[in-house]
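Worksheet for the structure shown next.
The values are calculated or read from the model by the stated rules, or taken from the named source; none is laboratory data. None of the values given here were measured: they were computed from a predicted structure. Here the Cβ positions follow ideal geometry from the backbone for every residue, glycine too, while neighbour counts run over all protein chains shown. When the accessible area is computed, the model is the full protein with side chains, heavy atoms only, and any ligands, DNA or RNA have been set aside. Shrake-Rupley method; radii C 1.70, N 1.55, O 1.52, S 1.80 Å.
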Amino acid sequence: MIRVDRLEIDQLGTIGSNANPSFSGIVAGECKGDVWVDDLEQPTLALVYSSSVGGFCILGKPEQQQTYAQFKSFLDNELFAQLRERGDHYFEFSVADPEAEKAILALFSHVKVDHEYEHTYQKSTAAAEERTNNYGPYTIHNVDGTFLERMNAGQITNSILISKRILGAWGSNEAFLSKGLAYAALHGDEIVAIAIGTAYYNKMLPIDIETVAAHQRQGLAHQLTVRFADACVRKGWIAHWNCMESNNGSWRTALKAGFTLVHKQYVYWFSI
């Protein structure tokens, strides 16, 4: 497997997956992540890591069986050693193509592989109600250039909640502002909740949400999610939401905000 920065447009046909925009966006060079491919000229398999997701996705569908054998050799002899060196002792992954999924799982039939469904929700229509910037003791803000300038000037506290996601997903404020989207809830001058797009692919924007523990159960996730989805609609984008099936709070927030379940796929993990 060969590490690359991105694939060209004419190479994405066999690799890109609309069901996995967090990873396909990385392959297309729209956002930040790590990519390895089986061949530089005509790739049929890509391994992609997203720090925003915290795991890997295997894209593509090789026709040659030896490609899978070479892929396993890369994992066993290179990648797993790198993961252990940084303190990761599990390999977590999904596989975009069903046929490739069977072949990949066969490679690891000798180990105990756990799995759980990951749900994908999307929303492409705006809410009917208008919303103000005030929500109880909180104010809701679009994270634009002015907001980031206030953050950098120290006028807004707990800015790490946003800056770590921008750095991990986009690499720079400039890249985020050109392709991303985010809303933040402030309590005074403190950021206490954030909804931010962490990738972009084919007009789809995956959303990442976090609320500071002391401000949970105040409806902030819902408020931010609705605003985020509405902004996506205005831009002609589709808000994209992923969560594990066992994360009841997450998928309930998605449904309450008007998202629709569009896809389910397994996420796998095993000890390395």
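What are the residues in the range 78-102 that are of a type in the set (K, R), more than 23 Å from Q265 (Cβ to Cβ) and free of Cβ contacts under 8 Å to residues at least 12 places away in the same chain, if any? Outline the logic, then answer.
First, the residues of the range 78-102 that are of a type in the set (K, R): 84, 86, 102.
If we keep only those that are more than 23 Å from Q265 (Cβ to Cβ) as well, we get 84, 86.
Within the range 78-102, R86 is the sole residue that qualifies.
Selection of the range 20-29 for residues being more than 20 Å from P62 (Cβ to Cβ), out of contact with any Cys (no Cβ under 7 Å at 6 or more places or on another chain) and crowded, with 23+ Cβ neighbours inside 10 Å yields P21, S22. Against the definition (modelled with pLDDT of 95 or more, polar (S, T, N, Q) and touching a helix residue (DSSP H, G or I) at 6+ places or on another chain (Cβ under 7 Å)), how does S124 come out, yes or no? Answer is no for this residue.
Is the range 39-59 home to any residue that is in contact with a His (Cβ under 9 Å, 6 or more places away or on another chain) and either surrounded by fewer than 21 Cβ atoms within 10 Å (Cβ to Cβ) or closer than 26 Å to G180 by Cβ (or both)?
Of all residues in the range 39-59, those in contact with a His (Cβ under 9 Å, 6 or more places away or on another chain) come to none.
No, the range 39-59 contains no residue that is in contact with a His (Cβ under 9 Å, 6 or more places away or on another chain) and either surrounded by fewer than 21 Cβ atoms within 10 Å (Cβ to Cβ) or closer than 26 Å to G180 by Cβ (or both).
Taken over the range 227-267, the criterion of being surrounded by 13 or more Cβ atoms within 10 Å (Cβ to Cβ), within 20 Å of V53 (Cβ to Cβ) and among the small types (G, A, S) is satisfied by A229, A239, S250, A254.
Against the numbered list (1) at pLDDT 95 or above; (2) within 27 Å of L12 (Cβ to Cβ), A185 comes up short only at (2). Filtered by the rule that a residue be assigned to a loop (DSSP other than H, G, I, E, B) and either surrounded by fewer than 19 Cβ atoms within 10 Å (Cβ to Cβ) or modelled with pLDDT under 95 (or both), the range 1-19 gives D5, R6, L7, E8, I15, G16, S17, N18, A19. Taking the listed residues A106, A28, A19, the one that is of a type in the set (A, V, I, L, M) and over 28 Å from K164 (Cβ atoms) is A106, with no other qualifying. On the stretch given as the range 103-136, residues that are loosely packed, with under 12 Cβ neighbours inside 10 Å, part of a loop (DSSP other than H, G, I, E, B) and not polar (S, T, N, Q) total 7.
Any residue at all in the range 117-124 that is over 24 Å from T14 (Cβ atoms) and free of Cβ contacts under 8 Å to residues at least 60 places away in the same chain? Before you say what the answer is, go through the steps one by one.
First, pick out the residues of the range 117-124 that are over 24 Å from T14 (Cβ atoms): 117, 119, 121, 123-124.
With the extra rule that they be free of Cβ contacts under 8 Å to residues at least 60 places away in the same chain, the set shrinks to none.
No, the range 117-124 contains no residue that is over 24 Å from T14 (Cβ atoms) and free of Cβ contacts under 8 Å to residues at least 60 places away in the same chain.
Is at least one residue of the range 56-77 assigned to a helix (DSSP H, G or I), within 24 Å of S246 (Cβ to Cβ) and in contact (Cβ under 8 Å) with a residue 40 or more places away in the chain? Break it down stepwise before answering.
As a first pass, look at the range 56-77 and keep what is assigned to a helix (DSSP H, G or I): 65-77.
Narrowing further to those that are within 24 Å of S246 (Cβ to Cβ): none.
There is no residue in the range 56-77 that is assigned to a helix (DSSP H, G or I), within 24 Å of S246 (Cβ to Cβ) and in contact (Cβ under 8 Å) with a residue 40 or more places away in the chain.
Within the range 83-102, the residues that satisfy the criterion of being open to solvent by less than 40 Å² (accessible area, probe 1.4 Å) and part of a strand (DSSP E or B) are F91, F93, S94, V95.
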